[in-house]
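The values are calculated or read from the model by the stated rules, or taken from the named source; none is laboratory data. These numbers were taken from a predicted model, which means no experiment stands behind them. Because the Cβ atoms are built from the backbone with ideal geometry, glycine has one as well, and the counts that use them run over all protein chains shown. Side chains included, ligands, DNA and RNA excluded: accessible areas come from the protein's heavy atoms. Shrake-Rupley method; radii C 1.70, N 1.55, O 1.52, S 1.80 Å.
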Amino acid sequence: MSTADSGPAAPTRTKDARVAPALLRYRVLAYATGLWLLVLTAEMVAKYGFGVQDLPGWIAVVHGWVYFVYLLVTLDLAVKVRWPVGRTVGTLLAGTVPFLSFVIEHRRTQQVKRDFAV
């Protein structure tokens with residue numbers, strides 16, 4: 001009765017006016033976090049891989065703050081769409097692995113759009 005993509009007992013929920021803005025905030029912060037993580041990764045490769053010394057020290061700080069806001073908006077979305085704990089933690093950790101935030105953002109967005117008709 002359930003499809004392979006929907007997971008175990010994923011009921012189709014009605015449209016909720018609070019989900020669409022939360023999803024938009026999540027998507028923006030997922031991309032921002034992913035981009036800043038790529039910049040941070042490039043900085044680390046340049047610094048430790050090639051010995052470049054004159055790199056700005058604020059890139060890690062910016063990524064840290066963007067990731068913190070990403071955690072907050074992801075938790076907000078998770079509460080509104082009632083994600084299970086495992087899905088929530090996995091989504092939260094996606095901002096720590098280069099390129100993973102883009103992949104997980106796409107999957108979570110498709111799932112929320114399907115489940116909540118937004």
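Computed quantities for the displayed model
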| item | result |
| --- | --- |
| Selection count, the range 84-118, where residues are touching a Lys or Arg at 6+ places or on another chain (Cβ under 7 Å), small (G, A, S) and open to solvent by less than 50 Å² (accessible area, probe 1.4 Å) | 0 |
| Among residues of the range 71-83, those that are assigned to a helix (DSSP H, G or I) and either open to solvent by 70 Å² or more (accessible area, probe 1.4 Å) or among the basic types (K, R) (or both), counted | 4 |
| Failed item, numbered, when R25 is tested on (1) in contact with a helix residue (DSSP H, G or I) (Cβ under 6 Å, 6 or more places away or on another chain); (2) modelled with pLDDT under 95; (3) open to solvent by 80 Å² or more (accessible area, probe 1.4 Å) | (2) |
| Where a residue in the range 42-65 is among the acidic types (D, E) and its partner, wherever it lies, is open to solvent by 50 Å² or more (accessible area, probe 1.4 Å), with Cβ under 7 Å and at least six apart | E43/L55 |
| Of the criteria (1) part of a loop (DSSP other than H, G, I, E, B); (2) surrounded by 14 or more Cβ atoms within 10 Å (Cβ to Cβ); (3) not β-branched (V, I, T), which one Q53 fails | (2) |
| Every pair of residues 6+ apart whose Cβ atoms lie under 9 Å, when the first sits in the range 77-103 and is at positive phi and without any contact (Cβ under 8 Å) to a residue 40 or more places away in the chain while the second is assigned to a loop (DSSP other than H, G, I, E, B) and open to solvent by 40 Å² or more (accessible area, probe 1.4 Å) | R82/R13 |
